[in-house]
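One structure below.
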Amino acid sequence: MTLEDIDHIKVIDWFRYDYPLLKQDLHHFANQRRCTPIEGRKLKRMGVMRGVSDFFLAISKMGYHGLWIELKVGNGKLSQEQIDFLKRKNEQGYLAVALWGFEDVKKFIQDYLNESISF
């Protein structure tokens, strides 16, 4: 298990504990999985694709349709596909951000839900 995997799990565990009534509104997209070539082809046919952000919070706030989050850890860098995805979602009326580490994700989600994000 990678440090990023651990932070993904921490985000979901924290959210489900602190926001039990909203637990079905936070979705994780496991696009980073490793698998066999056959499984990979099947997953692509099922819609798994590179660049899609890690989390989507399906709650509209502050005029946004919802919140997309790309979670990175340490010195993690965004791929061009991830940059393009975030840009496209922001242009479509979502709030789409890249954040580094569990604590930043936790604070950003709290601020988003409390409508207290400052840019």
For the chain, which span is the longest to avoid every loop-located (per DSSP) member of trypsin sites (Lys or Arg not before Pro) having at most 15 other Cβ atoms inside 10 Å? 78-119
In terms of Cα to Cα distance under 30 Å, which lysines are near enough to LYS107, apart from those fewer than 8 places away along the same chain? LYS10, LYS23, LYS61, LYS72, LYS77, LYS87, LYS89
Percent relative contact order for the range 23-119, counting Cα pairs under 8 Å at least six residues apart, stands at 24 percent
Cβ-Cβ cut-off under 13 Å around GLU70, Lys and Arg +1, Asp and Glu -1: the net charge is 0
Hey, got the dipole for the range 3-113? About the Cα centre, +1 on K and R Cβ, -1 on D and E Cβ, debye to the nearest 20? 480 debye
Counting DSSP beta bridges in the chain, what percent are antiparallel, to the nearest 5? 55 percent
I need the P(r) histogram for the chain: all alpha carbon pairs, bin width 5 Å from 0 out to the longest distance, whole percents. 2, 11, 20, 24, 21, 14, 6, 2, 1, 0
Using just the helices of the chain, give the 222 nm mean residue ellipticity in deg cm²/dmol: DSSP H runs with n ≥ 4 each add -39,500 (n - 2.57), and the total is spread over all residues, rounded to 500. -13000 deg cm²/dmol
Give the residue from CYS35, LEU22, ILE12 lying farthest towards the positive end of the charge dipole for the chain; charges sit on Cβ (+1 for Lys and Arg, -1 for Asp and Glu) and the dipole is referred to the Cα centre. CYS35
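None of the figures in this text is laboratory data; all of them are computed from the coordinates on show. Here the structure is a predicted model, which means the values were calculated and not measured. Positions of Cβ are backbone-derived with ideal geometry, glycine not excepted, and every protein chain shown enters the neighbour counts.
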